[in-house]
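Derivation of every value follows stated rules applied to the coordinates shown; laboratory data play no part. Every value quoted in this text rests on a predicted model; they were computed, and no experiment measured them. Here the Cβ is made from the backbone with ideal geometry for all residues, glycine too, and neighbour counts use every protein chain on show.
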Amino acid sequence: MNQPAKDIDTYIALQPEEERAELEALRRIIKSVAPEAEEVISYAMPAFKFHGMLVGFANAKNHWGLYPWTGRTVDQFAEELKGYSTTKGAIHLAKNKPLPVALIKKIVKHRLKENIEIEMAKITFKKSTKK
């Protein structure tokens, strides 16, 4: 059994050489929107954390997987995701098409906003319960 990668560099290095450039591109797109996000491996795939899990991505046989970590996100972007295969918590980006950079950035920005709002709500709740 293969050992899971311990970091994103290793994950990408373990992928077929002809697929590494697109995985690096996905990584750069996410980092361009969330430069302060921490890179991690979660569920054996590259992921980013910023006030909680933000997004993940992975290489699959016929697509690149983008995982916005909440099913709500896939639902909220349903109109823009027409033409893409999706599941409750995943967006499948066809390998034979260019990465939809603007859409990926929009989804990551949305997830950043969600995570910040959740964090602020936690802080507000903690303050209100200390009274």
Kirkwood Rh over alpha-carbon pairs of the range 8-129 plugged into Stokes-Einstein at 20 °C, 1.002 mPa s gives a D in µm²/s of 143 µm²/s
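Among LYS6/LYS122; LYS49/LYS127; LYS105/LYS127; LYS49/LYS88; LYS31/LYS113, which pairs are too far apart, with a Cα-Cα distance over 26 Å? Numbers along the way, then the final one.
Working: LYS6/LYS122 30 Å; LYS49/LYS127 24 Å; LYS105/LYS127 33 Å; LYS49/LYS88 20 Å; LYS31/LYS113 15 Å.
Flagged as over cut-off: LYS6/LYS122; LYS105/LYS127.
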Taking 60-73, 5-18 and ranking on average Cβ neighbours within 10 Å, highest first, one gets 60-73, 5-18
Only residues of the range 89-112 count here: report those whose backbone N is under 17 Å from the spot 7 Å along Cα→Cβ of ALA44, or say none.
-> none
Pairwise centroid distance, computed over Cα atoms, of the range 80-131 with the range 38-79, Å | 9 Å
